[in-house]
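K.L.:
Handing you this structure, nothing more for now.
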4 protein chains.
Amino acid sequence: MTSPQSLAVGLIGAGRMGSFHAETLARRLPGVRLAAIADPAPGAAKALADRLGCPKTYTEIGDLLDDPEIEAVVIVTPARTHAGLIEAAARAGKSVFCEKPMAVTLDEADRAITAAHEAGVVLQVGFNRRFDVGFRAAHEKITAGDIGTPQLLRSLTRDPNLHDPSRIPPWTIFLETLIHDFDVLRYLNPGSEPVEVFAMADALVRPDFKDHGLLDTAVVTIRFDNGAIATAEANFQAVYGYDVRGEVKGSTGMLTLGDLRSSHLTSYGAAGAAAECVSYDQDLFHAAYVAELAEFTDSVRDKRAPSVTGEDARAALGIALAAIGSIATGGAVSVGDVRESPVTVRP
Amino acid sequence: MTSPQSLAVGLIGAGRMGSFHAETLARRLPGVRLAAIADPAPGAAKALADRLGCPKTYTEIGDLLDDPEIEAVVIVTPARTHAGLIEAAARAGKSVFCEKPMAVTLDEADRAITAAHEAGVVLQVGFNRRFDVGFRAAHEKITAGDIGTPQLLRSLTRDPNLHDPSRIPPWTIFLETLIHDFDVLRYLNPGSEPVEVFAMADALVRPDFKDHGLLDTAVVTIRFDNGAIATAEANFQAVYGYDVRGEVKGSTGMLTLGDLRSSHLTSYGAAGAAAECVSYDQDLFHAAYVAELAEFTDSVRDKRAPSVTGEDARAALGIALAAIGSIATGGAVSVGDVRESPVTVRP
Amino acid sequence: MTSPQSLAVGLIGAGRMGSFHAETLARRLPGVRLAAIADPAPGAAKALADRLGCPKTYTEIGDLLDDPEIEAVVIVTPARTHAGLIEAAARAGKSVFCEKPMAVTLDEADRAITAAHEAGVVLQVGFNRRFDVGFRAAHEKITAGDIGTPQLLRSLTRDPNLHDPSRIPPWTIFLETLIHDFDVLRYLNPGSEPVEVFAMADALVRPDFKDHGLLDTAVVTIRFDNGAIATAEANFQAVYGYDVRGEVKGSTGMLTLGDLRSSHLTSYGAAGAAAECVSYDQDLFHAAYVAELAEFTDSVRDKRAPSVTGEDARAALGIALAAIGSIATGGAVSVGDVRESPVTVRP
Amino acid sequence: MTSPQSLAVGLIGAGRMGSFHAETLARRLPGVRLAAIADPAPGAAKALADRLGCPKTYTEIGDLLDDPEIEAVVIVTPARTHAGLIEAAARAGKSVFCEKPMAVTLDEADRAITAAHEAGVVLQVGFNRRFDVGFRAAHEKITAGDIGTPQLLRSLTRDPNLHDPSRIPPWTIFLETLIHDFDVLRYLNPGSEPVEVFAMADALVRPDFKDHGLLDTAVVTIRFDNGAIATAEANFQAVYGYDVRGEVKGSTGMLTLGDLRSSHLTSYGAAGAAAECVSYDQDLFHAAYVAELAEFTDSVRDKRAPSVTGEDARAALGIALAAIGSIATGGAVSVGDVRESPVTVRP
């Protein structure tokens, strides 16, 4: 399991999500080892490394990128640092798995993709829903023509926990939450690209934080080049559970995706039937999180392109930026016309 | 709607269930009219007739049977009176719809069936589940061979309301409740007949009434002549709703039946998902109750045998009596060996 | 049932939907009688009247409105005639149940409402979903505060049958189909009103008919004055069944509505689990169609306002016209700014 | 992960199920290592050990039991060898996890339990369903009194794959399949013990193999000492999937368990709604299989009794033997009266 021939992966970012990926790298992937962890926060990398038996830690991310033993990195840092780290890692010859979003401007995304191509390294972005058994089966059925041509799509994300708004950057709902839905909509409308976007959003969960630029509720309508009309929807506080669903209505059928239930137990009492719901993203998509890192490490080993690429991530970012542009202008926006987020929110 | 050519039906028994059937006869069946109501209880027939615009009432059932205008009767009286009333009605030349059970001994059942045959009248017994769209579709799929040969069957009834035990005759759970399940099992295993029966039962809802002969919980295992093994189960107090379900596992597939939900609304809150359940038999099977009377009146008009006959009712009664015999003896019993209920319950 | 004191209702329009309502009026509502039918098509009223035992027919609608015996009318004619007929009926002193939409311009709607008010007659519009047990329970839970403040809503309608496009007037998807969803969204966001509308639509089912102004697929986003963002969605050909669903996410919970299944039967075979779906509106909402006419006739008898009014219908029309305006202009539109449909579709 | 302090576990039996447990021991349990594999079949242990990086293999099981490095063993051998191996392992001072059934006679079971007690080692038997999140939650709710006193229980197992009947020992359906259901019924009726058993069984999937003693379909009714009546049901060929379900109806509520669906994807087409089903036990209970070994190794490390014990396994065996006795005699049998399987099947 820990033979010298195993793939040495370095983790950049030892926070909550980084720790989760670290466990997968350390324990769940045969032929893969977690060889080093870098995190600028004092002690963070060390504590995680000790827990998982990882031999090396760095507080300078650059030192990990310089480590010749490391063949691939997993980047789990704040979103605004992603594109730069992808570029730096690619130049250091490391293959890169980066959490979404891959960048916050289209120019950054272009530079990161170019850097990976020039270095000949693998670049995969963390759209884990593509590795969920249900979403994947839906994609395959649609590709096989089982529901004809997609006409109407829907993808939604509702997070049970509203994080501290002061720590949430502006436009988070589009760049970090809905980015999943934008990717899912492209995944479930294969071969088509988004052309036009309209968005409505508001601070309904915490109206007091709207002044700080926090939008916690958003609905985005997207027209694709095959005519299909898609809706992406997000909200930052679903007290009932972690709610991720999807739907595709095609010319000859429909697919629905998503199940909130946390187990196959149903309780019946005087008030009727009841079932408990999933509360955590990591519960809902546990197997998918493992599968995406398996895909990444397999791609590195096999020297092939992963099934979800930097180009996919750039396309989802394009939708997110168009949605942000739509909020800023109040009208529909063509995808590609908005290359970066405006500084301020429309009052 | 009330032309002289319409079929004149007389109702015998103006209690809760009789009133329900009366409303169907008076309002829901084109070409049918509720022409008379008989009930020995003072005022009962009159009150119901006034409400529904029924022109004639009787306190002597025999007077209704003598009424030449009446072509068919619907019998909704206590179970022990059923067979005798079927015989009397048949001799008076009336077609008969009788609530289940058609009789409480096999000899009574035989006499009632013979009387109907000799008089050339229609005899249908109130197995309404056969007219429910789900149970009917299941029967048709099984008949069409969609699930191959039935191997395992299940039918259950759980009533939300425990009635006053002092008014419940002994063996009610077998003769009046499980009789539905016994019929359903025959309906879902078409062409096969029950051969052997084993029953376990107890007073678990109201242990204090076991001394009075009340069994409120029962599980009956039945072997059919095609090898299929069936379970029928009943319980007299399901606080969560009116619970009727079925299941057939065949050599090439399975069918499940039953849905407790009272509507398509699901509520999600901090405790998870919740849905309300159906509380009343008449809600769950409303359309089926109407459809069985439509079948009966159509059969009378068309002078044809109904889709559920006295022979079907006798077969279900045979299972019920075998189950009672199994309780009395503690062992498995062959169907047909027990022709009437023993007087006392095994201690 | 047919006493002189019963409420005499006249039906205007003996087509498919008119015949359906006629059956309810003739047979299902105690204290109500179908007293006359008017339809300009030769023989249409007569054929229906004969089938249901209705004593009078007219080919001139005005003659029915002049009939002093008639206390209330049910209007089931083409949409563009609705408002004029409501006005005429109100002036003739008849209470009015009118199928949706009540009008196709806001001015027409205003005139119809005023006429009913001035005549002191009941005016109810055919938003049958409000009488469905699930939608009604959802409305009540929301009104009771069970899910807190609504933040996100969804209502959709997908019809299994694409009618002959040459017979479908322009904007039908908004004025006749989505009008239901617009009303549902108001019903499920009680006390709030729509303020801004954006729509995307296309001819995806039959692209060849787009030139004729047929839009068969539409997604409408609506902002309400309590901040809630709603999506209404329609499509004219769902081969899998009649698909009507709803969803409301509030600050403390969520409700989902809709169930495509036609019965409680589930079939399992080598390909997995399967269930049949409802194909007809009248199957899905049968009880609701009866209940809305019961509400109407009860309101007439009790001389009270019905639970769904002309004002409700005008509000739904306002959303439909704003959606049409959004299609015509390509941008978001304020509710109330568009008072009638433009003549042509945006290319 | 592979520090000397980690718990050294030896695997006995390198077949399909043994390989599955081996992978869990080698990769999924922090602080645990797969230290040796024994299998008499030439090359079997070696092939598995090479794949998983396990350092030692034996063809003599006794040699593994003599290995002083090994602290605990996992026994995955044919059922008839279980009890003897438990005894031998216990005498060698090894803690034991043994696949079900722990024994095939009550005397063997008693000796194995005594040996483990005398040696002071942990003995856990492979009732994995107790570690499934749904079954566990049901047990906890029942223990907490959420559904009152259990009155009716059901547990069923239907296996999609009929194995070669010539390789299936007599009474397998009771001793190896239904043993899970018998344990589940005890788990879901906590604090109560079975008292009386009646069984019906047949060869319905492969009637031609009934002569060889193969029973492939069985229904067992069990009376518990709290009055509850339970049904256990098994069948050896469910073409639609791996079907494991449970149900408990108590005095104040009901719980249902089991979901055949393999993902949250539902497909809708002209034939209605469809969903794919789970085909493999290891898919359905993957997490439960890992959790039971985590419980075992934690118990060994913490020197405490596991949550499912030899006594639990003996109780389930007692039900299985009573069911076999019921088949042999055709009547109801008291639990405890049958201590071993009779040699032949009742004709």
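Listed here are the residues, each with its yes/no results for (1) farther than 28 Å from A:LEU52 by Cβ; (2) modelled with pLDDT of 95 or more; (3) part of a helix (DSSP H, G or I).
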{"position": "D:ALA36", "(1), (2), (3)": "no, yes, no"}
{"position": "D:PRO40", "(1), (2), (3)": "yes, yes, no"}
{"position": "D:LEU48", "(1), (2), (3)": "no, yes, yes"}
{"position": "D:CYS54", "(1), (2), (3)": "no, yes, no"}
{"position": "D:ASP63", "(1), (2), (3)": "yes, yes, yes"}
{"position": "D:VAL74", "(1), (2), (3)": "no, yes, no"}
{"position": "D:GLU87", "(1), (2), (3)": "yes, yes, yes"}
{"position": "D:ASP107", "(1), (2), (3)": "yes, yes, yes"}
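K.L.:
Next question, about the same structure. I want to confirm something. Restricting to segment C:147-177 and keeping residues that are of a type in the set (Ser, Thr, Tyr) and surrounded by fewer than 17 Cβ atoms within 10 Å (Cβ to Cβ), which single residue is farthest from D:ALA270 (Cα to Cα)?
P.N.:
C:THR149
K.L.:
Which condition number does B:ALA274 fail, the rest of (1) farther than 24 Å from B:ALA201 by Cα; (2) away from chain A (no Cβ under 13 Å) being met?
P.N.:
(2)
Each row is one residue, and each column tells you yes or no for (1) of a type in the set (Asp, Glu); (2) assigned by the TED database to the domain that holds A:VAL32.
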position	(1), (2)
A:GLY241	no, no
A:ASP259	yes, no
A:ALA273	no, no
A:SER299	no, yes
A:ALA332	no, no
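K.L.:
Give the residue that is nearest to D:ALA203 (Cα to Cα), with candidates limited to residues of segment D:233-261 that are out of contact with any Cys (no Cβ under 6 Å at 6 or more places or on another chain) and small (Gly, Ala, Ser).
P.N.:
D:ALA234
K.L.:
List the number of the failed condition for C:ARG304; all other conditions in (1) crowded, with 23+ Cβ neighbours inside 10 Å; (2) out of contact with any Lys or Arg (no Cβ under 9 Å at 6 or more places or on another chain) hold.
P.N.:
(1)
K.L.:
Say whether the condition of being under 25 Å from C:THR105 (Cβ atoms) and in contact with a Phe, Trp or Tyr (Cβ under 7 Å, 6 or more places away or on another chain) is met by at least one residue in segment C:142-155.
P.N.:
Checked segment C:142-155: no residue is under 25 Å from C:THR105 (Cβ atoms) and in contact with a Phe, Trp or Tyr (Cβ under 7 Å, 6 or more places away or on another chain).
K.L.:
Do the conditions hold for A:ARG80, that is, is it among the charged types (D, E, K, R), within 14 Å of chain D (Cβ to nearest Cβ) and part of a helix (DSSP H, G or I)?
P.N.:
no
K.L.:
Right, something else. Which of the following residues is of a type in the set (Gly, Ala, Ser) and over 26 Å from B:PRO190 (Cα atoms): B:GLY227, B:GLY241, B:GLY250?
P.N.:
B:GLY241
K.L.:
Follow-up. List pairs: first in segment C:171-199 and free of Cβ contacts under 8 Å to residues at least 60 places away in the same chain, second of a type outside the set (A, V, I, L, M) and part of a helix (DSSP H, G or I), Cβ under 7 Å, 6+ apart or cross-chain?
P.N.:
Every condition considered, the pairs that remain are C:PRO190/C:HIS139; C:PRO190/C:THR143.
K.L.:
Within segment D:137-159, is there a residue that is within 25 Å of D:HIS82 (Cβ to Cβ) and without any contact (Cβ under 8 Å) to a residue 24 or more places away in the chain?
P.N.:
no
K.L.:
Shifting gears a bit: Can you tell me which residue is surrounded by the most Cβ atoms within 10 Å (Cβ to Cβ) among those in segment B:99-120 that are free of Cβ contacts under 8 Å to residues at least 60 places away in the same chain and under 17 Å from B:SER307 (Cα atoms)?
P.N.:
Going through the qualifying residues, I end up with B:HIS117.
K.L.:
Among the candidates A:SER267, A:SER326, which residue alone is part of a helix (DSSP H, G or I), modelled with pLDDT of 95 or more, more than 19 Å from the chain's Cα centre (by Cα) and buried (at least 19 other Cβ atoms within 10 Å of the Cβ)?
P.N.:
One residue alone meets the criteria, A:SER326.
K.L.:
Would you mind stating whether A:VAL290 is assigned to a loop (DSSP other than H, G, I, E, B), at negative phi and more than 14 Å from chain B (Cβ to nearest Cβ)?
P.N.:
no
Let's see how each residue does on (1) of a type in the set (A, V, I, L, M, F, W, C); (2) assigned to a helix (DSSP H, G or I); (3) surrounded by fewer than 20 Cβ atoms within 10 Å (Cβ to Cβ):
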{"site": "B:LEU255", "(1), (2), (3)": "yes, no, no"}
{"site": "B:ASP298", "(1), (2), (3)": "no, yes, yes"}
{"site": "B:ALA313", "(1), (2), (3)": "yes, yes, no"}
{"site": "B:ILE319", "(1), (2), (3)": "yes, yes, no"}
{"site": "B:ALA322", "(1), (2), (3)": "yes, yes, no"}
{"site": "B:ASP337", "(1), (2), (3)": "no, no, yes"}
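K.L.:
Within segment A:62-84, which residues are out of contact with any Cys (no Cβ under 6 Å at 6 or more places or on another chain) and buried (at least 23 other Cβ atoms within 10 Å of the Cβ)?
P.N.:
A:LEU64, A:ILE70, A:ALA72, A:VAL73, A:VAL74, A:VAL76, A:ALA83
K.L.:
Is it the case that B:ALA320 is outside the structural domain of B:CYS98 (by the TED database), within 16 Å of the chain's Cα centre (by Cα) and touching a residue at least 60 places away in the same chain (Cβ under 8 Å)?
P.N.:
So B:ALA320 fits the description; yes.
K.L.:
For C:THR81, work out the one condition from (1) in contact (Cβ under 8 Å) with a residue 24 or more places away in the chain; (2) under 29 Å from C:PHE182 (Cα atoms) it doesn't fulfil.
P.N.:
All conditions pass for C:THR81, except number (1).
K.L.:
Which one of these does C:PRO55 not meet: (1) without any contact (Cβ under 8 Å) to a residue 12 or more places away in the chain; (2) within 14 Å of chain B (Cβ to nearest Cβ)?
P.N.:
Against the list (1) without any contact (Cβ under 8 Å) to a residue 12 or more places away in the chain; (2) within 14 Å of chain B (Cβ to nearest Cβ), C:PRO55 comes up short only on (1).
K.L.:
Name, by its number, the condition in (1) more than 15 Å from B:ALA218 (Cα to Cα); (2) in contact (Cβ under 8 Å) with a residue 24 or more places away in the chain; (3) more than 7 Å from every other protein chain (Cβ to nearest Cβ) that does not hold for D:ASN235.
P.N.:
With (1) more than 15 Å from B:ALA218 (Cα to Cα); (2) in contact (Cβ under 8 Å) with a residue 24 or more places away in the chain; (3) more than 7 Å from every other protein chain (Cβ to nearest Cβ) applied to D:ASN235, the lone miss is (3).
K.L.:
Considering only segment B:251-270, how many residues are at the interface with chain A (Cβ under 7 Å from one of its Cβ atoms) and free of Cβ contacts under 8 Å to residues at least 12 places away in the same chain?
P.N.:
3
K.L.:
Taking B:ARG245 as the residue in question, decide whether it is within 30 Å of D:ALA238 (Cα to Cα), more than 14 Å from chain A (Cβ to nearest Cβ) and among the basic types (Lys, Arg).
P.N.:
Considered against the rule, which asks whether it is within 30 Å of D:ALA238 (Cα to Cα), more than 14 Å from chain A (Cβ to nearest Cβ) and among the basic types (Lys, Arg), B:ARG245 comes out as no.
The values are calculated or read from the model by the stated rules, or taken from the named source; none is laboratory data. Values in this document were obtained by computation on a predicted structure and should not be read as measured data. A quick note on method: Cβ atoms are made from the backbone with ideal geometry, for glycine too, and the neighbour counts reach across all protein chains shown.
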